[in-house]
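Written out below as structure tokens is the structure these notes cover.
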């Protein structure tokens, strides 16, 4: 690590002092950041890449790049945001060869138009929405949720993951992805509607006979 | 509880704001308008509830434990990183 002057942190959190110490020369402390973020990055990678080996590559490349570029981190955002920015870039590089698929639009305009009339056919809140969530959670359901997330085009999937799973705010997600907050909201809403439609069928089927 | 005055266009407009509502991103007036509508429109109330459940499901189904073998490889990578000059 270069011993450049460490800038004052504009945004401070539990990682700030740690990052400052690593940059100042205590390289072994990077281990703490890896323990803190590798599991989350791996989950993010599995949801983004689907393939286990790709997810592992994503984690390794993200952590490697983060370590290498840590002296360039200006503390203008949380470390976590900076780390996920790297992860998103790694992902995009990997997906570039599949850009055509990634740019695919969700046919959600139709779905949204259909929404009121479709729900009008529902006499009441469906059974699956009234059951305790624990009863619905099963290996099979978890697999279905993952499948539904993977089936989203990349530009919707990444927004959903950052907002609903990694719990970044709309503004943070917008900065991470270089989108407007409005774009983030639209993509998130469409992604959620799409997933709901995908999972609704499963629930109907899955709850038969219960 | 039924839609007193079914106005699909109005429902559609409000449906676009359901995610923002669930995320607490509507201003007070927008929230009030939607909540008043939800109190009167079972279809939209149903839409809110199912979307809320979908979000919760995604969140709870997400965690994926790191495989042991990969964990060992990460340790090795880390060793190389922090030890290298």
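The values are calculated or read from the model by the stated rules, or taken from the named source; none is laboratory data. Worth saying up front: this structure is predicted, and the values here are computed from it rather than measured. Virtual Cβ from ideal backbone geometry, glycine too; neighbours counted across all protein chains shown.
Does residue A:189 fit the bill of being over 18 Å from residue B:62 (Cα atoms) and facing chain B (nearest Cβ under 9 Å)?
yes
When you check residue A:59 against the structure, is it under 19 Å from the mean Cα position of the chain (by Cα) and at pLDDT 95 or above, yes or no?
yes
Might you check whether a residue that is at the interface with chain A (Cβ under 8 Å from one of its Cβ atoms), part of a helix (DSSP H, G or I) and in contact (Cβ under 8 Å) with a residue 12 or more places away in the chain occurs anywhere in the stretch B:20-41? Explain how you work it out, then say what you get.
First, pick out the residues of the stretch B:20-41 that are at the interface with chain A (Cβ under 8 Å from one of its Cβ atoms): B:20, B:23, B:25.
Subset that is part of a helix (DSSP H, G or I): B:20.
Now drop any that are not in contact (Cβ under 8 Å) with a residue 12 or more places away in the chain, which leaves none.
No; the residues of the stretch B:20-41 include none that is at the interface with chain A (Cβ under 8 Å from one of its Cβ atoms), part of a helix (DSSP H, G or I) and in contact (Cβ under 8 Å) with a residue 12 or more places away in the chain.
What about residue A:162, is it at pLDDT 95 or above and within 14 Å of the chain's Cα centre (by Cα)?
yes
Report every pair of residues separated by at least 6 positions or lying on different chains whose Cβ atoms are under 9 Å apart, first residue within the stretch B:60-83 and within 7 Å of chain A (Cβ to nearest Cβ), second in a loop (DSSP other than H, G, I, E, B) and surrounded by fewer than 16 Cβ atoms within 10 Å (Cβ to Cβ).
Final answer for the pair search is B:60/A:137; B:61/A:137.
Which of the residues belonging to the stretch A:71-80 are in a helix (DSSP H, G or I) and surrounded by 19 or more Cβ atoms within 10 Å (Cβ to Cβ)?
A:79
Only one residue in A:47, A:85 is in contact with a helix residue (DSSP H, G or I) (Cβ under 6 Å, 6 or more places away or on another chain), part of a helix (DSSP H, G or I) and at pLDDT below 95. Which one?
Unique residue meeting the criteria: A:47.
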